[in-house]
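Here's the structure, in structure tokens; my notes come after.
What follows draws every value from the coordinates through simple rules; no lab data is involved. Owing to the predicted nature of the structure, the values given are computational and were not obtained by experimental measurement. Note that each Cβ is placed from the backbone with ideal geometry, even for glycine, and that neighbours are counted across all protein chains shown.
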């Protein structure tokens with residue numbers, strides 16, 4: 001408790017700032033999910049508060065995120081379609097799936113799965129994040145053009161025959177369930193069919209139209225219709241939002257540009273009395289638990305979505321723990337991964353009960369919190385309370401926000417969430433595999449497979465397939481190289497035989513690190529602990545790489561990060577006996593010569609030792 005209030009002023013300011021940053025994103029993600037802005041806001045409130053309270057990362061700010069919303073959007077659309085397009089009817093099942101996802105996250109934390117998240121290779125994460133960006137970007141084109149498939153009369157009419165078939169099929173199913181379907185006497189069927197109204201057919205047609213236009217492929221299919229029916233006011237509102245978000249950042253980053261865009265564009269729309277399309281109404285007052293989760297619970301309804309709930313749980317775990325690593329790097333602390341999963345699970349479970357969409361640790365909000373002075377769990381809890389105060393005080397005003405403004409915000413989120421580092425590396429990575437006459441990079445192939453499958457097919461299966469391909473390729477490479485057991489752990493370094501004559505007076509100034517075995521996605525976490533091993537007296541680090549036969553993209557970036565940090569500390573890094581493949585990888589992304597000069601690479605330890613004796617001065621002996 002004492003620790004919780006040890007940084008009260010910084011945590012209050014950090015939490016308030018993070019809460020303000022979260023507001024427009026929470027509303028936008030809620031609208032994008034299909035459950036409305038209130039679902040995004042409720043998710044942000046409860047996940048932020050409870051994930052911070054029970055989690056294992058002190059500075060983490062949680063709430064709805066782009067990856068979690070992209071998967072939730074597919075889940076929600078599927079369940080609504082299975083319930084005749086009736087959101088009210090579908091809501092208990094949707095929220096039960098979200099609740100189950102939260103409970104599964106708690107389970108993952110309790111069984112200690114958090115420490116294994118690091119085994120997901122970089123190309124899989126890169127392809128997935130870029131796919132999330134594309135999904136958000138493409139699906140938000142339609143609302144930014146002011147086009148809604150369900151309201152396009154001409155488009156909806158195409159589904160009338162199919163709607164009639166579905167309604168009749170449902171009648172037959174009902175009769176079969178009630179035990180009154182008699183094949184040689186369709187009197188009851190005819191009687192019920194006569195009660196079908198044009199309204200029923202139209203409602204079902206709209207449901208089918210909405211389903212047809214959902215997702216990336218759906219959005220691309222109806223894009224020609226959208227371009228024929230452009231609402232220029234909505235376009236201008238979306239464009240104005242995008243311009244302010246990017247333009248205001250150039251003026252100052254002290255005030256969140258998304259919030260400025262939201263306030264300015266909403267103010268213009270209301271102030272000039274424009275006939276724009278507002279978001280759905282946000283209910284006033286404190287959020288009320290949705291007891292339908294329990295009263296309408298049916299194992300039969302939920303069973304088909306157990307795998308979906310597990311997917312959300314795993315995705316939330318990955319999303320959160322990646323953000324935890326970012327927070328660790330900024331604060332020089334160490335998060336507790338399993339505790340973090342339990343906290344995220346509790347947050348998502350409570351959010352589901354109150355009708356909120358699921359979320360995870362949010363990188364941008366966490367960075368804002370840290371930069372604003374947040375240091376303890378209190379900052380995340382304050383962010384949740386801040387959003388609750390906004391809901392209670394400004395709910396009716398927030399309901400007047402133009403839908404196109406939130407679409408504009410989401411377009412910038414989609415652009416920002418893509419992994420440009422991974423995309424830029426595509427031409428540089430070595431082409432190490434052959435597919436017929438084609439030479440390709442295995443890292444690039446994995447990334448592109450995950451990217452395309454995630455964007456146009458299924459996010460979950462895409463990650464699974466990416467992991468399988470990455471594992472198979474890794475095993476093949478290691479088999480080809482007959483690599484020894486990976487040993488890059490942060491243990492006490494034992495001198496090799498050729499280091500026995502190392503000058504005693506320079507042992508405090510020079511730290512020697514041995515890498516034995518491949519540096520790959522499974523060993524990067526341990527390798528990143530290197531900085532903690534280096535004594536404060538050291539001015540030079542020697543990395544001996546003669547026994548490191550192979551380095552993958554994850555290992556390459558882990559090494560790059562360490563070298564950047566050492567360069568900031570003015571510590572010289574010398575490489576000894578760099579083998580062909582690792583050297584080639586480092587040259588391709590300019591680690592050599594940008595971070596390591598060619599004259600600092602030695603073929604043998606003897607040559608390196610000669611350089612050390614000439615260039616490294618004994619400072620500690622003189623000081624003592």
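Tabulated data
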| quantity | calculated |
| --- | --- |
| Fraction of antiparallel bridges per DSSP, the chain only, in percent to nearest 5 | 35 |
| Fraction of the pair-distance distribution of the chain above 36 Å, Cα-Cα pairs, percent | 46 |
| Mean separation of Cα contacts under 8 Å, 6 or more apart, over the residue count of the stretch 183-286: relative contact order % | 16 |
| Rounded tilt (10° steps) of 87-110 against the dominant C-alpha axis of the chain | 20 |
| Order of 173, 513 under a 10 Å beta carbon neighbour criterion, fewest first | 173, 513 |
| Principal-axis tilt of helix 37-54 within the chain, Cα atoms, nearest 10 degrees | 40 |
| Span from the the stretch 40-54 Cα centroid across to the the stretch 217-293 one, whole angstrom | 23 |
| Inter-centroid distance (Cα atoms) of the stretch 89-142 relative to the stretch 311-380, Å | 13 |
| Rh by Kirkwood over Cα pairs, then Stokes-Einstein D for the stretch 535-589 at 1.306 mPa s and 10 °C, µm²/s | 133 |
| Cβ crowding within 10 Å averaged over residues, with 25-32, 432-439, 292-299 ranked highest first | 25-32, 292-299, 432-439 |
| The stretch 497-623, relative contact order in percent, only Cα pairs under 8 angstrom and at least six apart counted | 29 |
| Tensor-based shape of the stretch 222-287 (alpha-carbon gyration tensor, a/c under 1.5 rounded, otherwise prolate or oblate) | oblate |
| Centroid-to-centroid separation of the stretch 409-425 and the stretch 569-624 [C-alpha atoms, Å] | 35 |
| Principal axis box of the stretch 497-623, alpha-carbon based, largest edge first, Å | 43, 26, 26 |
| For 550, 116, order by how many other beta-carbon atoms lie within 10 Å, fewest first | 116, 550 |
| Tail weight of P(r) past 18 Å, computed on alpha-carbon pairs of the stretch 427-481, percent | 38 |
| Principal-axis tilt of helix 306-331 within the chain, Cα atoms, nearest 10 degrees | 40 |
| Prolate/oblate/rounded label for the stretch 1-153 (Cα gyration tensor, a/c 1.5) | prolate |
| Percent RCO, i.e. relative contact order, over the chain, from Cα pairs under 8 Å lying at least 6 residues apart | 26 |
| Neighbour-count ranking [beta-carbon atoms within 10 angstrom, fewest first] of 450, 578 | 578, 450 |
